[in-house]
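The values are calculated or read from the model by the stated rules, or taken from the named source; none is laboratory data. From a predicted model like this one, the values you see are computed outputs, not experimental measurements. Neighbour counts run over all protein chains shown; Cβ positions are idealised from the backbone, glycine included.
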Ligand code: ADP
């Protein structure tokens, strides 16, 4: 099962996108619909709302008077907290129930207007964000019958574009005609969501082209999103972006490498299922090349990302061990030392040309070894304040 979060500002076109995904076969869970369901006439939640805010929030037919409730909580934080305390746990329970009722090979799309505001992004395998310019959204909402001032008030309370961009794995531009965004959704379904779901279910990781590409300035933000997911799946362990994509300016294979700190390899093994379910299946023990000290300190567990649109490697290493420490020092040295960075980039570009036709990255990795070995000594002296 793949869990996809779908969000975007009011009027951006979430329902339009969700509808298309449902046509493809996704199981869509609409948070707005659930929010209405849990306070339907006769529900315990509605009785609690009446007890908390007075019978004025229930109309003559026994239904929730949304306008009256909205007026009560609009500028009163503690009233809003009371409201959320009554409704949120019930919406969450119903959401969990619907997710567990979905088939094991489902692509579950959770349409959540407040995904960003509520910090939900790390819970999903992938977050899709629908974007339309604010003025166009106002026009569309007015055309849908919402008074202009209401539309602007609601938009003003929602997350900013920058906050949305920070959590979006896929940014869907819906400023054109509907068929434009729908064809992008069609391609996303076929090229990414369907294979991603199969990979998660079958515990397969996604491979990709071996080429070294120019430094991508969006790598740090992409890494922050993936790290939040890994942290969520591992109960808040220390996660570091390491490897070539963590060094600003360095050309690299388009793979985000992370180090997950564990207290032992047994603990790493106990995290394997949670990581698999989160979209990072395990490959087992691919130990690092021992560079000094005790061999056992270079053992690790390797996991890799299942998303065909974003290659990820996770190295689970024992915190404080030589292999753990080396990965951080190598990164920090390359970040700090421009000469070393240039040399390493030249070497990688040369080796990736030489090994372009290889079936795997083994020979490429081996050819880097002499330079890496020398780098270990240079790193040590660099730390002591000398240049390389
Ligand atoms: P949301 O669910 O994000 O609030 P909707 O999907 O309901 O947004 O879209 C808001 C309004 O804009 C709806 O009336 C919808 O039919 C219309 N709409 C959506 N996408 C487009 C588009 N690309 N061009 C014109 N109108 C659109």
Quick count over the stretch 132-148, residues being within 14 Å of residue 8 (Cβ to Cβ) and in a helix (DSSP H, G or I), is 5
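Restricting the stretch 116-128 to residues that are part of a loop (DSSP other than H, G, I, E, B) and surrounded by fewer than 24 Cβ atoms within 10 Å (Cβ to Cβ), which is nearest to the ligand (Cβ to nearest atom)?
Going through the qualifying residues, I end up with 117.
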Number of the condition not met by residue 154 [criteria: (1) surrounded by fewer than 14 Cβ atoms within 10 Å (Cβ to Cβ); (2) more than 20 Å from the chain's Cα centre (by Cα)]: (1)
Check residue 191 against each of (1) in a helix (DSSP H, G or I); (2) surrounded by fewer than 15 Cβ atoms within 10 Å (Cβ to Cβ); (3) assigned by TED's automatic domain parsing to the domain that holds residue 276 and name the one condition it does not meet. (3)
When only residues in the stretch 164-183 that are assigned to a helix (DSSP H, G or I) and within 30 Å of residue 229 (Cβ to Cβ) count, which is farthest from the ligand (Cβ to nearest atom)? 166
Take residue 186 and decide whether it is in contact with a strand residue (DSSP E or B) (Cβ under 9 Å, 6 or more places away or on another chain) and either modelled with pLDDT of 95 or more or more than 11 Å from the ligand (Cβ to nearest atom) (or both). no
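To keep it simple, each residue is scored yes or no on (1) exposed (fewer than 12 other Cβ atoms within 10 Å of the Cβ); (2) part of a loop (DSSP other than H, G, I, E, B).
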site	(1), (2)
78	yes, no
114	no, yes
130	no, no
150	no, no
Helices (runs of 4 or more DSSP H) wholly in the stretch 1-69 with at least 3 residues that are more than 15 Å from the ligand (Cβ to nearest atom), assigned by TED's automatic domain parsing to the domain that holds residue 93 and crowded, with 17+ Cβ neighbours inside 10 Å - which ones? 44-53
Looking at (1) within 14 Å of the ligand (Cβ to nearest atom); (2) out of contact with any helix residue (DSSP H, G or I) (no Cβ under 6 Å at 6 or more places or on another chain), which is the only condition residue 161 fails? (1)
Here is a check on your reading of the model: is residue 104 assigned to a loop (DSSP other than H, G, I, E, B), assigned by TED's automatic domain parsing to the domain that holds residue 137 and either surrounded by 18 or more Cβ atoms within 10 Å (Cβ to Cβ) or in contact with a helix residue (DSSP H, G or I) (Cβ under 7 Å, 6 or more places away or on another chain) (or both)? yes
Does the stretch 353-362 contain at least one residue that is crowded, with 20+ Cβ neighbours inside 10 Å, part of a helix (DSSP H, G or I) and without any contact (Cβ under 8 Å) to a residue 40 or more places away in the chain? no
